[in-house]
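First the structure, in the form of structure tokens, and then the observations on it.
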Amino acid sequence: MAIIPINIYGDKILRQKAQPVNQVTDDIIRKIKNMFDSMRNANGVGLAANQIGYRESIFVIDLEGVDGYSKFKPVVMINPKIILSSDEKVLREEGCLSLPHLRADVLRPELIKIRYIDTDEKEIEIEADSFFSRVIQHEYDHLLGKMIPDRVEEEVKKKLTPELTSIMKREIEIDYPITED
Ligand code: ZN
């Protein structure tokens, strides 16, 4: 088990686009395990590779502890691509392990269709709605170098600025390891 410090808002890698994975090697499997370990240690439901310093296009999601998702099987999405988004959009509160304590309402499509490869390099296509769709879209954003503040109105972002500044300065108390600067 390896718990890797989580990158915090302001860290450059969170702004970089992920690189596609050509082959699911042992090294990739090891990184995926570290992603699950680091996410669970921080009580997160999703984590993208760049949040713990990896450049690959991968995210992991585990909703098992969430109300209504007790049968959820942890999922790894490699080289994901959202291929369809519903016109219907919903506003829902989001948080992020890279934005400790911050919560913001984000407007996103309710339903999406996504294509990705799994750890056996099998191509999978699924539809997701509700909370699962929400988490996928949030993690997918990370792989594009985007975060919650990029997805809210300018006015809302302004209101978040003091909080974002204290996160960047690490004037926060959290019970999971984060990068030093
Ligand atoms: Zn996040």
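The sole residue among I174, I167 that is of a type outside the set (D, E, K, R) and assigned to a loop (DSSP other than H, G, I, E, B) is I174. Quick test for you: out of L164, L107, L111, pick the one residue that is of a type outside the set (S, T, N, Q) and in contact with a Ser or Thr (Cβ under 6 Å, 6 or more places away or on another chain). After applying the criteria, what remains is L111. Among the residues of region 79-92, is any within 30 Å of E173 (Cα to Cα), within 16 Å of the ligand (Cβ to nearest atom) and modelled with pLDDT of 95 or more? Yes, because at least one residue in region 79-92 is within 30 Å of E173 (Cα to Cα), within 16 Å of the ligand (Cβ to nearest atom) and modelled with pLDDT of 95 or more.
In region 1-28, the qualifying residues are those that are over 21 Å from L144 (Cβ atoms) and part of a helix (DSSP H, G or I), and the one that is least open to solvent (accessible area, probe 1.4 Å) is D27.
For region 153-181, filtered to residues that are basic (K, R) and farther than 17 Å from E93 by Cβ, the residue that is most open to solvent (accessible area, probe 1.4 Å) is K158. In region 142-152, of all residues being part of a helix (DSSP H, G or I) and open to solvent by less than 10 Å² (accessible area, probe 1.4 Å), the one that is farthest from the ligand (Cβ to nearest atom) corresponds to P149. For R134, the conditions (1) within 16 Å of the ligand (Cβ to nearest atom); (2) farther than 16 Å from P74 by Cα; (3) of a type outside the set (F, W, Y); (4) part of a helix (DSSP H, G or I) all hold with the exception of (2). Taken over region 29-57, the criterion of being touching a residue at least 60 places away in the same chain (Cβ under 8 Å), open to solvent by less than 20 Å² (accessible area, probe 1.4 Å) and among the hydrophobic types (A, V, I, L, M, F, W, C) is satisfied by I32, A42, L47, A48, A49. State all residues of region 49-72 that are farther than 16 Å from A2 by Cα and of a type in the set (G, A, S); if no residue qualifies, say none. Residues satisfying the conditions are S57, G65, G68, S70. For region 63-117, filtered to residues that are among the aliphatic types (A, V, I, L, M) and part of a loop (DSSP other than H, G, I, E, B), the residue that is most open to solvent (accessible area, probe 1.4 Å) is L111.
The values are calculated or read from the model by the stated rules, or taken from the named source; none is laboratory data. Computed from a predicted structure; not experimentally measured. All Cβ positions, glycine included, derive from the backbone under ideal geometry; neighbour counts span all protein chains shown. The accessibility values were calculated without ligands, DNA or RNA, using every heavy atom of the protein model including side chains. Shrake-Rupley method; radii C 1.70, N 1.55, O 1.52, S 1.80 Å.
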